[in-house]
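Have a look at the structure below, then the notes.
The values are calculated or read from the model by the stated rules, or taken from the named source; none is laboratory data. Keep in mind that this is a model prediction, so the values were computed, not measured. Cβ atoms come from the backbone with ideal geometry, glycine included; neighbour counts cover every protein chain shown.
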Amino acid sequence: MASPHDYLAAYDEQLRGEAETRNARGAVRLGPLWLMTFADDRGFISYRDLEGADAATIRGFVEAAVEHFRADPAIGSVEWKTRAHDLAPSLHEALLDHGFVPEEEESIMIGEARLLAVDVELPAGVVLRRITSEADVRALGAMQDEVFGNALGEGMTDELLERLTDDDGMELWVAEVDGEVVSGGRLEPVAGTEFAGIWGGATRPEWRRRGIYRALTAARAHSALRLGKRLIASDSTEFSRPILERAGLVKVSTTTPYRWARSD
């Protein structure tokens with residue numbers, strides 16, 4: 001098994017920058033930045049690194065990025081994805097000064113897919129399955145909105161449906177009880193890399209601590225292995241991080257999204 005340092009190096013090399021543009025509707029370069037637009041009219045900013053830029057240069061990147069997205073009236077919000085291990089002097093202050101608001105910090109978790117792909121006993125009446133129909137995807141989206149306490153919105157659900165139609169490799173998985181979605185998440189195999197990502201994991205509060213999320217993660221890990229992916233990556237909340245750590249994944253850094261919302 002690789003060391004945390006090796007995992008972080010693989011993450012930076014294989015999953016950042018251009019790799020993040022794969023499902024974008026459009027992407028342009030601004031210095032080291034990738035400025036992306038997705039199908040639900042949201043902007044996203046990321047990069048492999050900031051190439052040693054000083055504080056003044058970074059402030060210029062932030063200003064130019066905001067102006068880029070402000071020029072498109074369809075864009076309602078923009079996320080700037082930061083990582084704690086980056087060399088980024090005064091980035092936090094520059095983002096705040098340009099209207100970005102930091103959201104909850106998440107742990108970047110990485111490990112071997114085989115460590116997650118184990119048999120997990122489910123509570124009686126709980127069924128796991130991969131979904132593809134519009135009705136099922138909308139039910140998953142409604143559950144995630146309820147659990148996360150903020151509206152991911154119809155735009156995100158529409159984007160997932162479009163991606164299923166395009167068959168870009170993404171998989172959606174749910175756990176159900178009597179036909180009701182109680183947990184769910186997606187698997188994102190990343191073409192040309194060793195990685196698959198597990199994202200969007202959510203479980204209704206009354207169904208937590210019963211092994212459902214662990215079983216859903218195992219199902220996605222089995223699928224990742226079938227697709228030839230050795231490594232699993234996840235940006236994890238404090239709900240899912242301990243579960244993944246017990247399964248053998250390691251925390252290699254943290255990521256904090258900063259969000260800008262159009263006010264005009």
Within the range 158-187, track down each residue that is within 22 Å of A221 (Cβ to Cβ) and among the hydrophobic types (A, V, I, L, M, F, W, C).
-> L160, L164, M170, L172, W173, V174, A175, V181, V182, L187
Whichever residue in the range 32-66 is surrounded by fewer than 20 Cβ atoms within 10 Å (Cβ to Cβ) and among the charged types (D, E, K, R) and, among such residues, is modelled with the lowest pLDDT | D40
Does G111 satisfy being out of contact with any Ser or Thr (no Cβ under 7 Å at 6 or more places or on another chain), part of a strand (DSSP E or B) and surrounded by 16 or more Cβ atoms within 10 Å (Cβ to Cβ)?
-> yes
Exactly one of D119, D136, D97, D86 is among the charged types (D, E, K, R), in contact with a strand residue (DSSP E or B) (Cβ under 9 Å, 6 or more places away or on another chain) and more than 23 Å from F38 (Cα to Cα), and that residue is D86
Of the residues in the range 1-31 that are part of a loop (DSSP other than H, G, I, E, B) and modelled with pLDDT of 95 or more, the one that is surrounded by the most Cβ atoms within 10 Å (Cβ to Cβ) is R16
Would you point out the residue of the range 134-187, among those that are at pLDDT below 95 and polar (S, T, N, Q), that is nearest to S234 (Cα to Cα)?
-> Q144
Acidic (D, E), under 16 Å from E159 (Cα atoms) and in contact (Cβ under 8 Å) with a residue 12 or more places away in the chain, is that true of D41?
-> yes
What are the residues in the range 79-92 that are touching a residue at least 60 places away in the same chain (Cβ under 8 Å) and either touching a Lys or Arg at 6+ places or on another chain (Cβ under 7 Å) or assigned to a loop (DSSP other than H, G, I, E, B) (or both), if any?
-> E79, A84, H85
How many of the residues in the range 223-246 are of a type outside the set (G, A, S), at pLDDT 95 or above and under 13 Å from E112 (Cβ atoms)?
-> 5
Would you say L140 is outside the structural domain of H68 (by TED's automatic domain parsing), outside any loop (DSSP other than H, G, I, E, B) and either farther than 30 Å from S263 by Cα or within 20 Å of the chain's Cα centre (by Cα) (or both)?
-> yes
